[in-house]
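Novice: Just dropping this structure here.
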Amino acid sequence: MTESSGRQGGRRSVWPGLVEGLLGLVTFVLLTELLLLWLSGPAAWRLSAGAIFTGMLAVVLWRLAASRQSLGWANRVTLVRGMLVAAIAGAVVFPEFMASRGGAMAGLALAALALDGVDGWVARLTHSVSRFGARFDMELDAFFILVLCAALVALGKAGVWVLAIGALRYGFVAAGWYAAWLRRPLPERRRRKAICVWQVVTLLAGLLPFMPAWLVAALAGVALALLVLSFALDIRWLWQRRHQPPFGAHPPHGGVS
């Protein structure tokens, strides 16, 4: 292949991602304007939510280009879920607005949760399951949980301690940079999925206006305790195998959730 043909091939690989990114931004702008109109939100909401989604989209397109893949329909569904999460995250900096629209915010979170199941179904239906898609979905789940934690703090329904629910996973990943044995793939466990569902449902319910702060804090406390237990069990499993080769027969797993 000549140098010129290589540059042409590079352009062909870049343009689809740029088009996807542009369409994603346009869709997000339309969604944000509809939400502003529907909820009579503050004008600055479009800026806070837009900054978060733009950063999210930039990371997705960068990783997509590195993996030399197209976005695909399943990842497009995940990206739409990311738009809803970004909208909620952008509203966190406006606690009074969030408090006055608690039901609507819970509805947005519920829609994001529902789409979490749709993207996997679409991936299987279109035979487009990929490591990139699984990682995208997992990272968005982690960010979604952290956003819900921040929302409860902003609403005064839980103390800053609740952020630990969303921060533990990031702390675990950071620890893996210094301790290679923590990066070993973990076997699948229903326990993790069950605790993840409990976390999301608990935090989502906390957004509802009629949920008293004491009950939200109690349920979130249970979620945190279960999460700490799950991490402890997985870390013990990893510690017991710290001297074994890093890649064994265990299926890949993105982390502890």
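Novice: Does segment 160-180 contain at least one residue that is touching a residue at least 24 places away in the same chain (Cβ under 8 Å), under 20 Å from F97 (Cα atoms), among the hydrophobic types (A, V, I, L, M, F, W, C) and surrounded by 20 or more Cβ atoms within 10 Å (Cβ to Cβ)?
Specialist: No, segment 160-180 has no match at all.
Novice: Looking at M83, M98, which is the one that is in contact (Cβ under 8 Å) with a residue 24 or more places away in the chain, part of a helix (DSSP H, G or I) and over 16 Å from the mean Cα position of the chain (by Cα)?
Specialist: Every option except M98 fails the conditions.
Novice: Quick check: is even one residue across segment 68-76 open to solvent by 40 Å² or more (accessible area, probe 1.4 Å), closer than 17 Å to T32 by Cα and of a type in the set (D, E, K, R)?
Specialist: no
Novice: Within segment 101-144, which residues are modelled with pLDDT under 90 and either outside any helix (DSSP H, G or I) or in contact with a strand residue (DSSP E or B) (Cβ under 7 Å, 6 or more places away or on another chain) (or both)?
Specialist: Within segment 101-144, T126, H127, S128, V129, S130 meet the criteria.
Novice: I'd like to know if segment 52-62 contains one or more residues that are open to solvent by less than 30 Å² (accessible area, probe 1.4 Å), closer than 18 Å to A150 by Cα, aromatic (F, W, Y) and at pLDDT below 95.
Specialist: No, segment 52-62 has no match at all.
Novice: Let me ask something else about it. In segment 98-121, what count of residues is obtained for those that are surrounded by fewer than 18 Cβ atoms within 10 Å (Cβ to Cβ) and either among the polar types (S, T, N, Q) or touching a Pro at 6+ places or on another chain (Cβ under 8 Å) (or both)?
Specialist: Summing the residues that are surrounded by fewer than 18 Cβ atoms within 10 Å (Cβ to Cβ) and either among the polar types (S, T, N, Q) or touching a Pro at 6+ places or on another chain (Cβ under 8 Å) (or both) in segment 98-121 gives 3.
Novice: So, G156, is that one on the phi > 0 side of the Ramachandran plot, at pLDDT 90 or above and open to solvent by 30 Å² or more (accessible area, probe 1.4 Å) or not?
Specialist: Against the criterion (on the phi > 0 side of the Ramachandran plot, at pLDDT 90 or above and open to solvent by 30 Å² or more (accessible area, probe 1.4 Å)), G156 qualifies.
The values are calculated or read from the model by the stated rules, or taken from the named source; none is laboratory data. The shown structure was predicted, so the numbers you read here are calculated from the model rather than taken from an experiment. When we count neighbours, we look across all protein chains shown, and the Cβ atoms used for this are built from the backbone with ideal geometry, even at glycine. Remember, those area values only see protein heavy atoms, side chains included, never the ligands or the DNA or RNA. Shrake-Rupley method; radii C 1.70, N 1.55, O 1.52, S 1.80 Å.
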